[in-house]
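The values are calculated or read from the model by the stated rules, or taken from the named source; none is laboratory data. Small disclaimer: the values here were computed from a predicted structure and weren't measured. A quick note on method: Cβ atoms are made from the backbone with ideal geometry, for glycine too, and the neighbour counts reach across all protein chains shown.
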Amino acid sequence: MKAHYPLLILALAAPVALLARAPGSAGTDTAIASGPTVEQGTTAKLVYGLLSDSRYAYRPRALDDTLSSDVFKRYLEALDNSKMFFTAQDIARFAPYKTTLDDAIKGGDMGPAFAIFARYKQRVDQRSAYARSLLKQDIFDFSGNDRWYYDREDAAWAADDAALNTMWKESVRNDWLRLKLAGKKPDDIRKTLDKRYATLDSSVAELNGEDAFQSFLNAYTSAIDPHTDYFDPRTAERFNQSMSLSLEGIGAVLQKQDDLVLIREVVPGGPAARSNKLKPGDRVVAVGQGTSGVMEDVIGWRIDDVVEKIKGPKGTQVRMDVIPPEAGLDSKPVRIVLTRDKIKLSEDAAKAETITIPAANGVPAKRIGVIKLPGFYQDFEGRRSNDGDYASATRDVARLLKQFRAQKVDGVVMDLRNNGGGSLDEAVDLTGLFIDKGPVVQVRESGGRVSVDGDSKAGVAWDGPLAVLTNRGSASASEIFAGAIQDYGRGLIIGETTFGKGTVQNLVDLDRWPSNEQTHFGQVKLTIAQFFLPGGSSTQNKGVVPDVRFPVSVDATEYGESTYDNALPWTRIAAVPHVRYGNFAPILPQLDALHDARVAKDKEFQWWSQDVAEFRIEHAKKYVSLNESERRVERDRQAAKEVDRQAQRKALGLDTDPLADDATDDGLQVGERDIIAETAREKAAEKRPDPLLRESAAILADATNLLVQDQELTAEVLPESKLPTHWAQ
């Protein structure tokens, strides 16, 4: 399998969430009405064969009544995790399926899954109708002590429709209160919420058999382990595009709003950007292929179906009728013709910036280079085809390090916050940019065989001071890189303990088995191994613990590998020989002291710490008050806090927060706001002050200063016989 499929170590690729699917045309429910297809039955049997075979799965599980019960539970959670649609009566009705789904999967019978799904759609329709009916009632008095308990994941199923009605009434009242606090008038609130609940209904109504099948099959795969997933052909294509950072199309990001698909963003350098004919907010009403293909009206279509029509092979043409945002919907559309091209998704690629740490106490200023790496991406197809221009995280980082060397920066911070993983090869190769040969990761397969993957190339791309910034969202490949850097003593790890995902996945194409078939069956991202660091420790469950720690923003009981009920436990194996370039333990107390003293005077860092603490307190409550006076006091407190902070920023000469004036919750959901303003807000968010990154650069500068000032300490931290860097020069 290694020879044919790319190894992945993705951490956060979850099964498809049904309500995350974009809304489209109503009346496209034929797949549900006609039941599951023969191809879906075949796919289910193929996935069963794969997951039950120890030659493929790292931890195969027998598909029996016990696992059937687990699949049953996970499927219900996938459909109704908040327990806002099904009742206990529904669950009792489904009870016969609890121990028979194993037989259904083995036999390729998707009937039970589709029956549950059909009931779900019916329940959503009923709930939407009830929510809309509440808008006509006099229930919006907010002077009492009512609360909306929004966290229902661990709650019992509502006994009956009456119990559901009670919950929905509180939920609708909370939606109303949020809009009221944002300054909306009753008529506007009523219209907004009526459209919101109608959109919920139409979004779910149009979910089809493919959606039902993928959700059910992912209930099965996630019962095996948290990171095994089924991708239908369309989802598999999108996944591969995200890994390669490229696709072929016009270079535009689309978003659904009501029954229309709008241009959300134009990708720089793509055909749309080069044409200067498309802009954010433009509404796409029809699409045609080539120079003479029929123009198809796409109003009311699902967004993924519209995307399929617009994208296509490089060099082909697509025609689109669009209505500008300032024009009425009855206006005559503008016909735009674009030639598709290969689009590089540069927004998700590695990026560099430089932070200057001012001189202080006789210590000269330091310039620290920062590389922000969102993922360990690689264009697998481009690499296999020997395309010298294929996307690669390591290649991009090497290029940025070359620029830093030319700029003579004093140190480099690798920012891996919220980097959820990617290619195992990239994790190994990227580590090789900072170490001079040696093992990077140990991989143990299901049979117990351990192989070692490492850097075999002499030399390094950066031999200077190094730090790695992590948080709880740093997972998998990020943990391999950070853990190896820590094992080698090559750099400092700063921030929060990482996610804790220590398993390796492989993409397996299901089309490899059926013979003489024209149908595509999709792919399975399958856990095939567990990885261990050079020192023998697994990152599984425990993650990588930083040398210098920041306040915990997300508790390990709420997010991370340890929250999965079927995650593998932490363990360790024998270490493999590797160089220890340094040992930072002797300077960690001094770094902590300098860090504490600095952040005590750093307003931005203090504010971040305060916000984290407040968020954790609010999150632990799992409810919000429905008393208007209480909510207004809280809203006004938050608004005053932002005004005060902005004033202090100006007084202290700090960069202002571009979102400070837009901090109040407007009560609207994504898709209800103006797309142009929302896109601008997202761009502004990228320019917000980042005290954690600045502090990480300062900590790295502290380390270099300490080693320059104290030669005895340098000899203890970085023995000269093993000194590969100019840390102390």
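To keep it simple, each residue is scored yes or no on (1) surrounded by fewer than 19 Cβ atoms within 10 Å (Cβ to Cβ); (2) within 30 Å of Gly500 (Cα to Cα); (3) without any contact (Cβ under 8 Å) to a residue 60 or more places away in the chain.
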{"residue": "Val172", "(1), (2), (3)": "no, no, yes"}
{"residue": "Leu181", "(1), (2), (3)": "no, no, no"}
{"residue": "Lys185", "(1), (2), (3)": "yes, no, yes"}
{"residue": "Arg190", "(1), (2), (3)": "yes, no, yes"}
{"residue": "Val204", "(1), (2), (3)": "no, no, no"}
{"residue": "Leu207", "(1), (2), (3)": "no, no, no"}
{"residue": "Gln214", "(1), (2), (3)": "no, yes, no"}
{"residue": "Phe231", "(1), (2), (3)": "no, yes, no"}
{"residue": "Phe239", "(1), (2), (3)": "yes, yes, no"}
What about Asp379, is it touching a Leu at 6+ places or on another chain (Cβ under 6 Å), in contact (Cβ under 8 Å) with a residue 60 or more places away in the chain and either among the basic types (Lys, Arg) or under 23 Å from Phe481 (Cα atoms) (or both)?
no
For the range 440-491, which positions are more than 17 Å from Lys372 (Cβ to Cβ), among the β-branched types (Val, Ile, Thr) and in contact with a helix residue (DSSP H, G or I) (Cβ under 7 Å, 6 or more places away or on another chain)?
Val440, Val441, Ile480
Give me the residue from the range 523-545 that is surrounded by 22 or more Cβ atoms within 10 Å (Cβ to Cβ) and of a type outside the set (A, V, I, L, M, F, W, C) and, out of that set, farthest from Gln486 (Cα to Cα).
Gln523
Can you confirm whether the range 87-104 contains a residue that is part of a helix (DSSP H, G or I), within 33 Å of the chain's Cα centre (by Cα), surrounded by fewer than 19 Cβ atoms within 10 Å (Cβ to Cβ) and among the small types (Gly, Ala, Ser)?
yes
Considering residues of the range 411-470 that are basic (Lys, Arg) and in contact with a strand residue (DSSP E or B) (Cβ under 7 Å, 6 or more places away or on another chain) only, the residue nearest to Glu561 (Cα to Cα):
Arg417
Can you give me the number of residues within the range 619-641 that are under 28 Å from the mean Cα position of the chain (by Cα) and free of Cβ contacts under 8 Å to residues at least 40 places away in the same chain?
3
Let me confirm something: among Thr519, Thr557, which residue is among the hydroxyl-bearing types (Ser, Thr, Tyr), over 29 Å from Thr66 (Cβ atoms) and outside any strand (DSSP E or B)?
Thr519
Answer residue from the range 417-456, given it is outside any strand (DSSP E or B) and of a type in the set (D, E, K, R) and is surrounded by the fewest Cβ atoms within 10 Å (Cβ to Cβ) among those:
Arg449
Taking the range 339-361 as the region of interest, how many residues are at pLDDT 85 or above, within 30 Å of Asp379 (Cβ to Cβ) and assigned to a strand (DSSP E or B)?
7
State whether one or more residues within the range 322-329 are surrounded by 19 or more Cβ atoms within 10 Å (Cβ to Cβ), outside any loop (DSSP other than H, G, I, E, B) and of a type outside the set (Gly, Ala, Ser).
yes
